[in-house]
Amino acid sequence: MSRILGIETSCDETGVAVIEDGRRMIVNLVASQVDIHARFGGVVPEIASRQHTHCIGQLTREALAEAGDRPDAVAVTQGPGLMGSLLVGVNFAKALAYAWRVPLVPVHHIEGHIFSAFLGQDPPDFPFLALVVSGGHTCLIDSPRPHEYIVLGATRDDAIGECFDKVARLLGLSYPGGPSIQKEAEGGDPLAYDFPRGLAKSDTLEFSYSGLKTAALYAWRKGGVNVQDLAASFQHAAVDTLLIKTRIALAQTRARRLVLAGGVAANRLLRDRLRAELDVDLFMPPLSLCVDNGAMIAAAGHSRWLHGGAGSMRVTPFPNMPLPSCR
Ligand code: KG4
Ligand code: ZN
C-alpha cells in the first residue's frame, strides 16, 4: 500500500490531494480562485501565483491532517501552465520531498487530466483514445501504453474552453464561461443560429475554434440577440465539432475505448452526446475531477513513479512542456 501527495498549481486552482495505490482518493482539496479572477474576466497571472503562495501551506496541512499517514512520494504539475503559478507548486513539492526524503514525481498537466478518468468507478485499460478539452487544450491523443502519447491533432488557434470563456464574456455572462453558457443554453434553441464547425469538411484531426468565436461576435453585433438562443447554438456547434473529429479519430485508430478529460469534460451536452452517439467504451472522470485538482496529479504521478518516472530534485517548472514520450 502506498500513498502519494499530488500538488496542482498550474493555473487558478490550488489543488492538494492524497491518493492510495493510484486509485483510492483519501483526500482531495481544491482552493479555487475563480471569484478573485471573475471581475477581470479571466486569469491574472500575478494574482494567481500570489494566491497559490497564500493558500498552499494551509491547504496541505489540512490534507495531511485528514490523510493521517505521511505520503511515500510527492507528485507535482511541472507544466504546461503559468510560470509564476507552477513555481509555487514545484518549489513547495520539492521542499516536502526533500524534508520527508521521498521521491518527487513531475507530472504533465494533460497527463494528469487523462488520469482523472482512472479515479472513476470503472478505470480504462490501454490502449485508448483521449479527447482532452480544457481552457488551454483541445486535442485527440492516442495512448497505446501507459505514459506513451501520440498527439493526433490539436487546436490551431483557440482552445475550446477559452472559446467558451470568451463568448461568455461577450454575452455578459460570468467567468468561467463554460458553466455559465451551459446554464444559459438550457432555455435556448440550439438551432437558432447556424454557427460554423471548424475544419469540419476536412479529414484533419486538428481543431479550429476562432471561426466559431468570430461568428458569435458578429451575431452579437447585429443586435437583437436572445442570449439563451445564442448560448445554446454556440454550445451545440462547439460540441458538434468535437463529435465530428472524435468520430474520425476513432475510425482511423480503430480504438475501442475513449477517455474524455479536462475542464470542458464537465459539459453536460458533451457527456450526453458522446454517450448516446458513439459506439465506444466511454470513460469520463466524475464531474468533481474535471477541473484542475491535485487528485489527478497524484494518480498520474503514482503510475509514473511505478514506471520509473520519479525525477531529481533539480526539476524546474516548464510552462510550455510538451507531452512526454510524444511521437
Ligand atoms: O482543465 P481546466 O480546469 O483548466 C485548464 O487546464 O485549462 O479547464 C477550465 C476550462 C474553462 O475554460 C471553463 O470554462 C471550462 O473548462 N469548463 C466548461 C465547463 N466547466 C468548465 N466548459 C463547458 N462546459 C462546462 N460545464
Ligand atoms: Zn487543466
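Look at Tyr193, Tyr149 and count the other Cβ atoms within 10 Å of each Cβ; fewest to most, that gives Tyr193, Tyr149. Counting other Cβ atoms within 10 Å as a rough exposure proxy, the listed residues Met313, Met321, Met1 run Met1, Met313, Met321 from fewest neighbours to most. Evaluated with a Cβ-only charge set (Lys, Arg +1; Asp, Glu -1), segment 123-284 carries a dipole of roughly 100 debye about its Cα centre, given to the nearest 20. Remark: spin-label model distance Asp281-Ala99 equals 4.3 nm, labels positioned 7 Å along the Cα→Cβ axis. Of the two radii for segment 200-242, the radius of gyration is 1.04 times the Kirkwood radius, both from the alpha carbons; that is the Rg over Rh value. For helix 294-306, what angle does its Cα long axis make with the longest principal axis of the chain, in degrees from 0 to 90 and rounded to 10? Computed tilt is about 60 degrees.
Fewest neighbouring Cβ atoms within 10 Å first, the residues Thr253, Thr9 line up as Thr253, Thr9.
Extension gain for the segment Arg23 to Arg254, taken as residue separation times 0.36 nm less the Cα-Cα distance, is 80.4 nm to one decimal.
Between Arg61 and Trp220, the modelled label-to-label distance comes to 4.3 nm, taking each label 7 Å out from Cα in the direction of the beta carbon.
To make sure I understand the rule: partners must be aspartates and glutamates, Cα under 15 Å from the Cα of Lys201, and not fewer than 8 residues away in the same chain. Which ones qualify? Partners within reach: Asp240. Centre-to-centre, using Cα atoms only, segment 89-141 and segment 241-317 are separated by 10 Å. In terms of packing, defined here as the mean over residues of other Cβ atoms within 10 angstrom, the peptides 237-249, 201-213 line up highest first as 237-249, 201-213. Taking Cα atoms only, the orientation of helix 160-170 departs from the longest principal axis of the chain by about 60 degrees.
With N residues in the chain, what two-decimal value do you get for its Cα radius of gyration over 2.2 N^0.38 Å? Walk me through the numbers on the way to the answer.
On the way: Rg = 19.5 Å, N = 327, 2.2 N^0.38 = 19.9 Å.
Dividing the Cα radius of gyration by 2.2 N^0.38 Å gives 0.98.
The charge dipole of the chain, taken about its Cα centre with unit charges on the Cβ atoms of Lys, Arg (+1), Asp and Glu (-1) only, comes to about 460 debye. Judged by the mean number of other Cβ atoms found within 10 Å, the most tightly packed of the peptides 94-107, 275-288 leads the ranking 94-107, 275-288.
Readers should treat all values here as calculations from the given coordinates under stated rules, not as data from a laboratory. All values derive from a computational prediction rather than experimental measurement. Here Cβ is always computed from backbone atoms with ideal geometry, including for glycine, and neighbour counts include all displayed protein chains.
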